[in-house]
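No lab work stands behind these numbers, since they all come straight from the coordinates. Please read all numbers here as calculations on a predicted model, not as lab measurements. A quick note on method: Cβ atoms are made from the backbone with ideal geometry, for glycine too, and the neighbour counts reach across all protein chains shown.
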C-alpha cells in the first residue's frame, strides 16, 4: 500500500518577486576617502588661529607708515613747513650726528629713562610681593597705589617741582612714579591668579616660605610681571618726554623744545622719530625676554 504525499508539502512555493538592487551606503565612501579629501577640513580648522608668524612682521607697520609719509611729501599733500619730508629729516639727523649733539642728548635721555625704569620696576615688584602675600600688606598698599593710578603724572609735576626743584631728581622721580604702577598692577594680579592647588601642594610638601616664594610665587607671577614691564617701558619714555620739556637744559626733549622756539620742524621730527624707535626697541627687547622666559606656555600667538 503506497502512501500519498501531503498536498501541502508538495505544493511548490511561490517564487519571490525580484527586489531592486540595494543602494550603496555612503559610510564606506567616508571610510575609504583619501587623506587629500580630508585636507580641506584640516585647513579650515587651522585658519581659526592667526596663522604662522610673519618674518620681520614688527617692521611692516612702521615701513608702511614711512611709505605713506614719503608719498605725501612727494605729492605735496604734506607741507614742508608743517611736516618735513623723510629725506630732510634724514639729512638733519646726519648733521646732528656729525656735530655730536644727537649722541649727547641720546645718552642723557637714556640715563634718565634707565634710572627711572630700574627704580620703578624694583619698587613696583616689592610692593606687589608684599601686597600679594599678605592681607595686611594689601590693605595698606593697594589703596594708595590705586589712587596714584587714577592721578596723571602731569598733575603731580607742580608739586614735584616745589618739593624737588627742576634738577635731575625731579625728572627721575617722575619717571619712577609712571613706571612702578603698571609693574605693581600686573604683578599683583599675577600673584592673585596663582592656582590654589599649587599652594596646597606646597603646604603638603612642607615647603619653607623662601622655597614657596622661589618655586611657586615667582614662576606664577612671572607672566604678569613681564606684561607689566612692557607697559612700564613705554611709560618711562612717555614720562621722559614730559620732564625733558620742562626747564631742562639737556636731552632729546630739550633739543626739541629749542627747535620749537626757532621753528625747526625737521629737528622736532628727528626727536619724535628717535623717541618712537627707542620705545619700539625697548618693547621688542621685553617681548623677546617674555618669549624666552615663557617658552613653556602654548598660546594663540605661537
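Per-residue counts of other Cβ atoms within 10 Å, averaged by peptide: what ranking do you get for 248-261, 179-192, highest first? Present the calculation step by step, with values, prior to reporting the outcome.
Details: 248-261: 18.4, 179-192: 23.7.
Order by mean packing, descending: 179-192, 248-261.
In terms of surrounding Cβ atoms within a 10 Å radius of their Cβ, 204, 105 rank from fewest to most as 204, 105.
Based on Cα atoms of segment 77-135, Rg over Rh with Rh as the Kirkwood radius reads 1.36. Size estimate for segment 194-302 follows the Kirkwood approach: the inverse of mean 1/r over distinct Cα pairs works out to 17.3 Å.
Summarised as an ellipsoid, segment 48-190 has semi-axes of 39, 25, 15 Å, derived from the eigenvalues of the Cα gyration tensor scaled by 5 and square-rooted, with the largest first.
Size estimate for segment 109-195 follows the Kirkwood approach: the inverse of mean 1/r over distinct Cα pairs works out to 13.6 Å. Where the alpha-carbon atoms of segment 96-293 are placed on the principal axes, they occupy 70, 38, 22 Å, in descending order. Across segment 96-293, the relative contact order, built from alpha-carbon pairs under 8 Å that are at least six residues apart, equals 26 percent. Panel order for 127, 117, by other beta carbons found within 10 Å of each beta carbon, from fewest to most: 127, 117. Using C-alpha pairs below 8 Å separated by at least 6 residues, the relative contact order for segment 174-242 is 60 percent.
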